[in-house]
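Visitor: One structure is given below, represented as structure tokens, and several questions about it will come after.
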Amino acid sequence: MHIAHLRTYFPADIYVRYQRKLGRDVLFFCGSDTHGTPITVKAEEQGTTPERIAKQYHEHFRQIFPRLGIFFDNYGSTNDPVNHHRTRAIAMNLIENGYIYQKDVTLPHCPSCDRFLPDRYMEGTCPHCGTDARGDECDQGCGVYLEPGEILNPRCTICGTTAEYKETSHQFLKLTAFESFLKEFLERLGGTENARNYAKGWLKGGLKDWNITRNLDWGIPFPGSKDLTFYVWFDAPIGYIGSTEEWAERTGGDWEHYWKGPGRLIHFIGGDIVYHHCLFWPSMLKGAGYSVPDAVVASGMVKVEGHNFSKAGAMYSGSRTSTLRRVWTLTRSVITLLATRVTQETLTLAGKPTRPSSTRNSWAFWGTSYTGASSSRTGTMVRYPRVSSSPR
Ligand SMILES: [Zn+2]
Ligand SMILES: [Zn+2]
């Protein structure tokens, strides 16, 4: 974990504490996102298995949050059997409702490694802004999510060979079917303006159906397929539900109350994953018959010398003086964030305190974290007010 990640956890933690001060029942969850290609790439570099790397990071994060004074009601993992089960169940709901279909596509393939190049296995040029980008995101440029095959001049990150294109078959979520839902959803979505505005901008540019599978062994297998696993951004947010189910198993709580009931769901996330939380995730939930988020609070990117701080190794490159300056810049950013915007946002979100005498509320808060070897971590949360069953 690096300091820029705290910009998402601290606001969530402040918000949770604030709600608890108001006497509300609050649930605050977090978990490790284990299926990204940063993990498989790292495992290959170290000659070990993705599972071992994922476990190692999971343990690290599970232990580090209490040391930072952040206590989740559950810290889950997207590789937990519970999340495998929930991901397949949601996919089956989406298939039954006609939102997932199979399509032949032409994708970058490395002739020397003899494999397709999902996500971080490929680098190239962003077709939207011309910046160097990774396979599935333009993390140093316009921040947009890139569909497989969209990146220009792709080359293999493992061996550097220029990729060739090869035909294969993948599974797609019919994102275009959710356009009018998303339009209306973004109008009423609470949280920060940057989340809403980015998402609205992308929606205006027109949506494309979303490739939800990858040619990878590591991940959750797509039902009925031998060589496709779910794209990490399909099962990662489902980990929020998975983490609730882990909590429910342990405590006897009712996870469905939070995910299918009349509550409110709030995410605290990093600014680099707005696309996933404001377009993909609500569409998946809506299409599968679950509750959708009420608010998304996205922190801005912490920039150091013009680069987003989520870039791996940014803190350790360059001279010692330069590193010290970076650390100071970041510390200052975090302090400023905490002192101003964070407080404003959390208080605005919290709204007017309800009278404990007339209403009892239960709230759930969420966090997710990426255990990707080099990826960013984000905080997310959910809240659910529940009207008292004994009105006065
Ligand atoms: Zn290669
Ligand atoms: Zn770009």
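Visitor: What is the calculated FRET efficiency for GLU164 to GLU193, with r their C-beta to C-beta distance and R₀ = 45 Å, to the nearest 0.05?
Guide: Taking R0 as 45 Å, the efficiency between GLU164 and GLU193 is 0.60.
Visitor: How much length, in nm to one decimal, is gained on full extension between ASP217 and HIS60, taken as 0.36 nm per residue of separation minus their Cα-Cα distance?
Guide: Value of the extension gain: 54.1 nm.
Visitor: Which of the three applies to segment 189-255, rounded, prolate or oblate, going by the alpha-carbon gyration tensor with a ≥ b ≥ c and a/c under 1.5 meaning rounded?
Guide: Oblate.
Visitor: Here is a follow-up. Of the chymotrypsin sites (Phe, Trp or Tyr not before Pro) in segment 1-85, which ones lie in a loop per DSSP and count no more than 14 other C-beta atoms within 10 Å?
Guide: PHE71
Visitor: Rounded to the nearest 0.05, what FRET efficiency is calculated for LYS226 and LYS204 with R0 set to 35 Å and r the Cβ-Cβ distance?
Guide: Efficiency computed from Cβ-Cβ geometry: 0.35.
Visitor: In Å, what is the Rg of the alpha-carbon atoms in segment 225-282, and how long is Dmax?
Guide: Reported Rg and Dmax, both Å: 13.7, 39.
Visitor: Compute the length gained on full extension between MET92 and LYS183: take 0.36 nm times their separation in residues and subtract their Cα-Cα distance, giving the result in nm to one decimal.
Guide: Computed gain between MET92 and LYS183 is 30.2 nm.
Visitor: Calculate, for THR131 and ARG20, the FRET efficiency according to 1/(1 + (r/R0)^6) with r their C-beta to C-beta distance and R0 41 Å; round to the nearest 0.05.
Guide: That pair, THR131 with ARG20, gives E of 0.45.
Visitor: Taking every pair of Cα atoms in segment 1-61, average 1/r, invert it to obtain the Kirkwood radius, and report Rg/Rh to two decimals.
Guide: Computed over Cα atoms, the ratio is 1.16.
Visitor: Can you give me the distance in nm between label points at CYS113 and TYR101, each placed 7 Å from the Cα along the Cα-to-Cβ direction?
Guide: For the pair CYS113/TYR101, the computed spacing is 3.1 nm.
Visitor: Explain nothing, just compute: Karplus ³J(HN,Hα) = 6.51 cos²θ - 1.76 cosθ + 1.60, θ = phi - 60°, for every residue of segment 131-137 in order, whole Hz, x for Gly and Pro.
Guide: The phi angles translate into 7, 4, 9, 8, x, 10, 7 Hz.
Visitor: Here is a follow-up. Got a sec? Which residues in segment 81-120 would a label at GLU45 touch, if it sits 7 Å along Cα→Cβ and we count backbone N under 14 Å?
Guide: Residues passing the 14 Å test: 120.
Visitor: Now for a separate question. What is the percent of Cα-Cα separations in segment 102-173 that go past 18 Å?
Guide: For segment 102-173, the share of Cα pairs beyond 18 Å comes to 34 percent.
Visitor: Amide H of MET122: which non-local residues (sequence gap of 5 or more, or other chain) have their own amide H closer than 5 Å, using H built in the peptide plane?
Guide: Answer set, sorted by chain and number: GLY135, THR157.
Visitor: Same structure, new question: Using only Cα atoms, figure out Rg for segment 121-243 and give it as a multiple of 2.2 N^0.38 Å.
Guide: Taking N as the residue count of segment 121-243, the ratio is 1.18.
Visitor: Dimensions of segment 250-303 along principal axes (Cα, Å, largest first)?
Guide: 43, 27, 17
Visitor: Still on this model: Enter the mean projected area of the convex hull around the alpha-carbon atoms of segment 1-130, in nm², rounded to one decimal.
Guide: Across all orientations, segment 1-130 yields a mean hull projection of 12.7 nm².
Visitor: Ok, one more. Alpha carbon centre of segment 111-159 versus segment 190-239: separation in Å?
Guide: Between the Cα centre of segment 111-159 and that of segment 190-239, the gap is 16 Å.
Visitor: With only Lys, Arg, Asp and Glu charged, each at its Cβ (+1 for the first two, -1 for the last two), find how big the charge dipole of segment 49-176 is about the Cα centre; round to the nearest 20 debye.
Guide: It comes to approximately 360 debye.
Coordinate-derived values only; no laboratory data. For clarity, every value in this text was computed on a predicted model and none was experimentally measured. Heads up, the Cβs are rebuilt from the backbone with ideal geometry, glycines too, and the neighbour counts pull from every protein chain shown.
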